[in-house]
Amino acid sequence: MAASACNRNRCGPSENVKSKACERNGIHKALQQQNGAPNGSLYKRSFNETFEQAPLYVAVLTYLGFGVVTLFGYLRDFLRAWRLEKCHMAIEREEQKDFVPLYQDFENFYIRNLYMRVRDSWNRPICSTPGPQFDLMEYLTDDYNWTFRHTGRTIKDVINMGSYNYLGFAENSPSSLETVMDVLKTYGAGVCSTRQEMGNLDKHEELEELVAYFLNVEAAMVFGMGFATNSMNIPALVGKGCLILSDELNHTSLILGARLSGATIRVFKHNNMQSLERLLRDAVVNGQPRSHRPWKKILILVEGIFSMEGSIVRLPEVVALKKKYKAYLYLDEAHSIGAVGPTGRGVVEYFGMNPANIDVLMGTFTKSFGAVGGYIAGKKELVDYLRTHSHSAVYATSMPVPVVQQIIRVMKCIMGVDGTTVGIQRVKQLAENTTYFRQRLYEMGFIIYGNDDSPVVPLLLYMPGKVSAFARHMLKKKIGVVVVGFPATPITESRARFCVSAAHTKQMLDTVLNALDEIGDFLQVKYSRHSKSSRPELYDETNFEFDD
């Protein structure tokens, strides 16, 4: 059973990635640190990140590309008005003209003339398990991406470089899913009630106890949706008269939760401790605007691994600042739990820190655990409070029991309590695959963002025309990738985002890397110069110390 559940193919020998630690200040400026971290005494391991700045001509050509596409968009709108445009799908129908527009003018313009050009790069239907390889339904368009039709053919064995299947537990092996199938037969597929009514099952309580044990905290609570775990619980923790300090690159679920709370929100530069401390000091000294009363609470919102940048939070420094200014810390480990740390326990373990130093530990089961849902963990008082005050806990339908069993199965596998070493082997394999993949991309001359140990690997493409071309060329080579552009990223930082998995064999990674090497030359996206940033050092070293 263990052999069938674990991918035995090992990646190539781990190579030490060249030290290129950077602190990101502003949009894509690199700040070189000789010791890998500004406050070396706080770190028990090296901390290497890079955000290399592209040549100036790339930024100029990127803006020029968006300008040209926008001009052609206005030209096409003019031609549509005179019925000279071949495709009339973008013209408003007669029966709609008496209604107030549903979208803002520019948003509608952007969708008609920019997004529709590259729409085929997204929303492709998958018809198999989203493991290291998947099958893709082929579709074509006859009206310039406004509608699609399926051809009836399937593209087989596409290498999956986009799913968050970090440990490879999104699988369909009967031997691995035996306990899940047994639970499905016993409990059924749905619960049809909330936790406070008829939806609190013994399996839910078993999972919560296991999560608390896994994270080494007093208590935990699970929710049926990862996004709602953030957006519905933050408003239960803070409100009017409270202050939220949020990293500028936090996930939308954190931003939505902060906005719904009614608290005052202030944003600090990404992973910049000087910027965070400046806001904390101002909050403590000046208090609330106008009245200058002390803030009821100050809550710092950060992620473990930032999903679009591949960077890891500078947790030891954040904790030191939180203690220094008596604030609270909310840590979102959606992408880091299971993916980093010697035994897959996230960034807290990655930095060798005590979980008690983080006030609210949040994570999801949608990535490393191959399931759905999320959790909040911490002190028992926190969890008991959320059980009665969280909208997600009171009103949402509880998690289906087969999903609960999948999470229990995976968590026990990672911990080794199932009697196998499959889980820890996958954690180690993911680390090896990540190091190998990042090192090879760096050697090829691509600009990649993030931490050396992060399985999220953004590869910068910059120019809008190259984004769709990159996705289409990779698919022709049977490689599925995720490409991201404006407005999801800054206008000059369009990218492809790779998610490395423990289930990827070295042969798969080499196939992807060879295709990237070829396409990188063809599209001319190897912009890296492997040089230090010309920007002067902006980070003033600050002495942070932990309380005994």
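Each label point was placed 7 Å from the Cα along the Cα-to-Cβ direction; for Lys379 and Met181 their separation is 4.6 nm.
For the chain, the fraction of C-alpha pairs more than 36 angstrom apart is 38%. Partner aspartates and glutamates whose Cα lies under 13 Å from the Cα of Lys324, excluding those fewer than 8 positions away in the same chain, are identified as Glu277, Glu545, Asp547, Asp548. Computed over the range 200-295, the quotient of the alpha carbon radius of gyration and 2.2 N^0.38 Å is 1.34. Less than 5 angstrom separates the built amide H of Gly363 from those of Glu333, Tyr375, all sequence-distant by 5 or more or on a different chain.
Starting from the Cα coordinates of the range 350-425, work out the convex hull volume and express it per residue in Å³.
Working: hull volume 9.1 nm³, N = 76.
Output value, Cα hull per residue: 120 Å³.
Within straight cross-link reach of Lys379, meaning Cα distance under 15 Å, which aspartates and glutamates are found once same-chain residues fewer than 8 apart are removed? List returned: Glu208, Glu209, Glu218, Asp359. Of the residues Asn172, Leu430, Phe47, the one whose Cα sits farthest towards the positive end of the charge dipole of the chain is Phe47 (charges of +1 on Lys and Arg Cβ, -1 on Asp and Glu Cβ, taken about the Cα centre).
For the range 424-521, trypsin sites (Lys or Arg not before Pro) meeting the loop criterion (DSSP other than H, G, I, E, B) and having at most 16 other Cβ atoms within 10 Å: Lys477, Lys478. Only protein heavy atoms count here; under a 1.4 Å probe, Leu184 has an accessible surface of about 80 Å².
Projecting the Cα atoms of Leu237, Trp295, Ser307 onto the dipole axis of the chain, where Lys and Arg carry +1 and Asp and Glu carry -1 at the beta carbon, places Ser307 farthest toward the positive end. Each principal axis of the Cα cloud of the range 266-409 was taken in turn, and the coordinate range along them, longest first, works out to 52, 35, 26 Å. The relative contact order of the chain comes to 22 percent, based on Cα pairs under 8 Å that sit 6 or more residues apart.
May I ask which of Lys466/Lys526; Lys185/Lys367; Lys296/Lys323; Lys296/Lys322 have a Cα-Cα span longer than 18 Å here?
Cα-Cα > 18 Å for Lys185/Lys367; rest within.
The magnitude of the dipole of the chain, with charges of +1 and -1 set on the Cβ of Lys/Arg and Asp/Glu and taken from the Cα centre, is near 840 debye.
Annotation: Phe486 carries an accessible surface of approximately 70 Å², with a 1.4 Å probe and no ligand, DNA or RNA atoms counted. Indicate, rounded to the nearest 5 percent, the antiparallel portion of the DSSP beta bridges found entirely in the chain. If we restrict to bridges inside the chain, about 60 percent are antiparallel. From the helices alone, meaning DSSP H stretches of at least four residues, give me the mean residue ellipticity at 222 nm for the chain, per-run term -39500 (n - 2.57), in deg cm²/dmol to the nearest 500. Result for the chain: -10500 deg cm²/dmol, rounded to the nearest 500.
Each peptide in 130-138, 185-193, 298-306, 278-286 was scored by the mean count of other Cβ atoms within 10 Å over its residues; highest first, the order is 298-306, 130-138, 278-286, 185-193. Distance from the C-alpha centroid of the range 48-94 to that of the range 155-216: 43 Å, rounded to the whole angstrom. Each of Ala496, Ala189, Leu79 was placed along the dipole of the chain (beta-carbon charges, centred on the mean Cα), and the one lying farthest toward the positive end is Leu79. Distance from the C-alpha centroid of the range 106-126 to that of the range 323-397: 35 Å, rounded to the whole angstrom. The spread of Cα positions in the range 174-415, taken along each principal axis and listed from longest to shortest, comes to 60, 38, 29 Å. The amide H of Gly450, built 1.01 Å from its N in the peptide plane, has Thr50 as neighbours under 5 Å, considering only residues 5 or more places off or on other chains.
The values are calculated or read from the model by the stated rules, or taken from the named source; none is laboratory data. Only a predicted model underlies this, so the values are computations on that prediction, with no experimental measurement involved. A quick note on method: Cβ atoms are made from the backbone with ideal geometry, for glycine too, and the neighbour counts reach across all protein chains shown. Please note that ligands, DNA and RNA were not included when accessible areas were found on the heavy atoms of the full protein model with its side chains. Shrake-Rupley method; radii C 1.70, N 1.55, O 1.52, S 1.80 Å.
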